[in-house]
Amino acid sequence: MSRTPRQIGEEVWKTRVEKVNAELVTLTYGSVVAQLCKDFGNDYIQVNEQLDKMGYNIGIRLIEDFLARSNTSRCRTFKDAAEIVSKVGFKIFLNITPTVGNWSQDNKQFSLIFDENPLADFVELPDDGKAINELWYSNILCGVLRGALEMVQTQVEAQFVSDVLRGHETTEMRVTLIRILEDEMPVGDD
Amino acid sequence: MASSIPMTSSGLPSTPTTPYTPPNRPFGSNGTTNHQPLSEQNQPGVPGKVAPATTLPFQGGPSVPSPPASQQSLPAPGMYADPHAIYLNLSCLDFLLIELIPMSERVVEVIGERTTSSSNGMQSILSEKDARIGEEERRGAVFKHVEGLGYRVGQGLVERFSQDRPRFAEVLDVMKFICKDLWQLIFRKQIDNLKTNHRGVYVLTDNSFRLLMRMSTEAGGLDTVTRAQPYLWFPCGVLRGALANLGVQATVVAETTAIPVASFHVQTLRQD
């Protein structure tokens, strides 16, 4: 009987993860976002994009860390992958397990609903009347997910559709499966 | 096992199952009186005479080895055993710090393009020399960007983590706080060596600086050192920001001559 994703996540978090005070990460990330807002003269679309890029680069490296620690096996379906992302992935890095839900009929789209988000603790968006409609503060997470999944042959699109920082009821990220990438053998590797 | 925790449970870390004994505190927890007997050394040099640089040994306590990751992995030992603190995977911080450099490079590029493309279209006739200056300027801009991020983080850290401390009596106390507590907090170990000439210059050396620990390049040697340099800009900013919020204006530069040794040269500015 194999263990559930939740058990794996709990166990890895408890035994195989070195911890750091969340405030340190929150503060560092906050500085990044604040600086980007300044750099781009409050062009929040650009800020979102930069955060996403940053996340993507993290994601393609983070997957190694994830696989090494969690020792999970290949996911059979996109549904399995969603469970692993939430219960193992988010658990062992951010110690949260966003709720997976709102599956589309074709099972190619789901939502991650965040009850808590350590990145956004103590955060208020700039009150220029613009940020609240344009800035996705935690957009780095979309990039991380996209980058990490791409490294395991799963191409997705991820974007936030609501954020409590904007005054919404929930923080929700929508993840869409684009395609499963084919395993490609490197040239000359038999 | 706590596997039945509902996923909406709060972000509090699970209660550690092993007792946690705080390590020896390098500083006495109350007051400044039991600091190391360094006050004598700290007499300002006689004017007109150059004081020799002195190494200030950290005799305050045995160096606290960070616990191996395999153990009940509690956060960094130290004085901030806040029961309400929430914890994340240390890798998150590492990833973030690593990614600051490429991010800043991208931002500088995007912003640079915006300004140059509007001002002139003479890029093609730039001489080689101009190109080199451009490269230096770009590096300077990236430095400023990364350092600025660090500055802000340094300020925030001090604000948050020195709030329960008594006021620092002198600059040396500030330096020791930074070398021991602040460094431990961000980079998981203390500064190995603090030197001063007693005239406002401090040199902080970390013999195995966390951000450089796992760095190598194919060419090795000088190549590695050169390419590692940008990763010292963030801690420079952290130092400057932390010092500023503790009332010490300073300039900070860093260098590494051999990975993973990093030394930070702090020049405090006299304020009258």
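One table, with the values for the structure above:
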read-out: Residue B:233 accessible area, 1.4 Å probe, all protein chains in place, Å² to nearest 10; value: 20
read-out: Extended-chain gain in nm, criterion 0.36 nm per residue less alpha-carbon gap, residue B:163 and residue B:226; value: 18.9 nm
read-out: Orientation-averaged projected area, Cα convex hull of chain A (nm²); value: 12.9
read-out: Separation in nanometres of the label points that stand 7 Å from Cα toward Cβ, at residue B:110 and residue A:181; value: 2.3
read-out: Charge sum, other residues only, whose C-beta stays under 9 Å from residue A:59's C-beta, Lys/Arg counted +1 and Asp/Glu -1; value: +1
read-out: Accessible surface ranking that places the most exposed of A:114, B:168 first, with a 1.4 angstrom probe; value: B:168, A:114
read-out: Approximate spin-label separation residue B:251-residue A:134, in nm, with each point projected 7 Å along Cα-to-Cβ; value: 3.7
read-out: Accessible surface buried upon B-A contact (total; probe 1.4 Å; Å², nearest 100); value: 4700
read-out: Label-point separation in nm, residue A:67 to residue A:123, each point 7 Å along Cα→Cβ; value: 2.9
read-out: Estimated [θ] at 222 nm from DSSP helical runs (n ≥ 4, -39500 (n - 2.57)) normalised by residues in chain A, nearest 500; value: -13500 deg cm²/dmol
read-out: Heavy-atom accessible area order for B:218, A:124, largest first, 1.4 Å probe; value: B:218, A:124
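The values are calculated or read from the model by the stated rules, or taken from the named source; none is laboratory data. All values derive from a computational prediction rather than experimental measurement. Please note: Cβ atoms are built from the backbone with ideal geometry, for glycine as well, and neighbour counts cover all protein chains shown. Calculation scope for accessible area: heavy atoms of the full protein, side chains included, ligands and nucleic acids excluded. Shrake-Rupley method; radii C 1.70, N 1.55, O 1.52, S 1.80 Å.
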